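Written out below as C-alpha cells is the structure these notes cover.
The values are calculated or read from the model by the stated rules, or taken from the named source; none is laboratory data. None of these values were measured; they are calculated from a predicted model. Every residue, glycine among them, receives a Cβ derived from its backbone with ideal geometry; neighbour counts consider all protein chains shown. Just so you know, the surface numbers come from the protein's heavy atoms only, side chains and all, with ligands and any DNA or RNA stripped out. Shrake-Rupley method; radii C 1.70, N 1.55, O 1.52, S 1.80 Å.
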Amino acid sequence: MRITNEADYALRIVYSLLDGSQKSAKTISEQTGVTLRFALKILRKLALSGLVSAQQGAAGGYYLNRDASEISVGEIVEVIDGPIEINNCIDGDYVCSRVGENTGECRIHRFFCSLNEQIRRELFETKMDRFRD
C-alpha cells in the first residue's frame, strides 16, 4: 500500500486548517505548496465527505467541520484513496488463484489481514490534533 500524493496533500490541507481559521483556497495552496487547481479538487472531496465546509463570498473560505481531535489520519486517507488495503486478497471480491474463494484457509491471507488491521488501527487512532503546533 502506498498513500498517494493526493492523500498526502489532503493531510497537508487539513493541517493548514488546524488553527481554526477560515482560509481561501489560494491561501491554503500557498501554505501547503499544493497547486491551486489540485487544492480545489482535494477541498471538494474533503467537503463532500463533511470534513471541511466552505463559506461563499468575499470573506469566505474553507474551514474544518469538526475539531482536530475528532479527525483521524485514516479518515482523510480513505476519503481520498478509498479503503486501506495493503494487498488485493484483502478485498472481499478477490478470488485467489491459489485457494479460490477460501481465502481464510491461506496463512498469507491471514497475515495480510492482520497487518492491514494494524495499519488501519494506527491511522485511525492518530488524530490530527497530534500535529497541532
Select from segment 107-120 the residues that are more than 16 Å from the chain's Cα centre (by Cα) and buried (at least 16 other Cβ atoms within 10 Å of the Cβ) and write down the one among them that is modelled with the lowest pLDDT. His109
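Conditions tested, residue by residue: (1) out of contact with any Cys (no Cβ under 7 Å at 6 or more places or on another chain); (2) more than 30 Å from Asn88 (Cβ to Cβ); (3) open to solvent by less than 70 Å² (accessible area, probe 1.4 Å).
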site	(1), (2), (3)
Asp19	yes, yes, no
Ala25	yes, yes, yes
Ile28	yes, yes, yes
Ile42	yes, no, yes
Applying the selection to segment 37-64, what residues are farther than 11 Å from Lys23 by Cβ, among the hydrophobic types (A, V, I, L, M, F, W, C) and at pLDDT 95 or above? Phe38, Leu40, Ile42, Leu46, Ala47, Leu48, Leu51
Hey, among the residues in segment 65-94 that are loosely packed, with under 12 Cβ neighbours inside 10 Å and more than 30 Å from Ser24 (Cβ to Cβ), which one's nearest to the chain's Cα centre (by Cα)? Pro83
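So, in segment 49-64, how many residues would count as being closer than 26 Å to Thr4 by Cβ and open to solvent by 70 Å² or more (accessible area, probe 1.4 Å)? Quick ask: steps written out before the conclusion?
Taking segment 49-64 first, the residues closer than 26 Å to Thr4 by Cβ are 49-54, 61-64.
Add one more test, that the residue is open to solvent by 70 Å² or more (accessible area, probe 1.4 Å), and what stays is 63.
Final tally of qualifying residues: 1.
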